Amino acid sequence: ADDIAAVFGALGAAGGGGNTVFQPQLPVAALEALLLLRNLCFHADAKAHVSANPRAIDALVAAAGAADPGARAAAADALLALVHNGQRIAALLRNGKRAARLRRAA
């Protein structure tokens, strides 16, 4: 339930298994939602709300492994903004399945 298809499924993103090279790019609405989430991660007041939502963190981790290079860059920017002066988020990303997914995306 935490793969890119489930996270962006409501927005109409195409998912799938197998080779990510042949997966289609994210739809425009999904990419714009990801960019909006990225911008919220840079805002000091909104950062706490984003970091308190585990689905938002899972969406960013899933987007870090997307086939779309723009989505990967936006997710990496957002995660970096959350980790900056955010020890709780750094600990969340180091533990559990999120760390394994980030290692696979790298």
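The values are calculated or read from the model by the stated rules, or taken from the named source; none is laboratory data. The shown structure was predicted, so the numbers you read here are calculated from the model rather than taken from an experiment. Glycine also receives a Cβ, built like all others from the backbone with ideal geometry; neighbour counts cover every protein chain displayed. We work out accessible area using only protein heavy atoms, side chains counted, and drop any ligands, DNA or RNA first. Shrake-Rupley method; radii C 1.70, N 1.55, O 1.52, S 1.80 Å.
Before moving on, here are some points about what is shown:
- Residues (open to solvent by less than 50 Å² (accessible area, probe 1.4 Å) and not aliphatic (A, V, I, L, M)) located in the stretch 59-87: Gly65, Asp68, Gly70, Gly86
- Positions within the stretch 93-106 being part of a helix (DSSP H, G or I) and either surrounded by fewer than 12 Cβ atoms within 10 Å (Cβ to Cβ) or more than 13 Å from the chain's Cα centre (by Cα) (or both), in sequence order: Arg94, Lys97, Ala100, Arg103, Arg104
- Scanning the stretch 51-73 for residues that are within 15 Å of Leu102 (Cβ to Cβ), touching a residue at least 40 places away in the same chain (Cβ under 8 Å) and assigned to a helix (DSSP H, G or I) yields Ile57, Asp58, Ala59, Val61, Ala62, Ala63, Ala64, Ala71.
- Residue match in the stretch 30-41 (condition: buried (at least 21 other Cβ atoms within 10 Å of the Cβ), hydrophobic (A, V, I, L, M, F, W, C), more than 14 Å from Val83 (Cα to Cα) and modelled with pLDDT of 90 or more): yes
- Test result for Ala90, open to solvent by less than 40 Å² (accessible area, probe 1.4 Å) and either in contact (Cβ under 8 Å) with a residue 40 or more places away in the chain or charged (D, E, K, R) (or both): no
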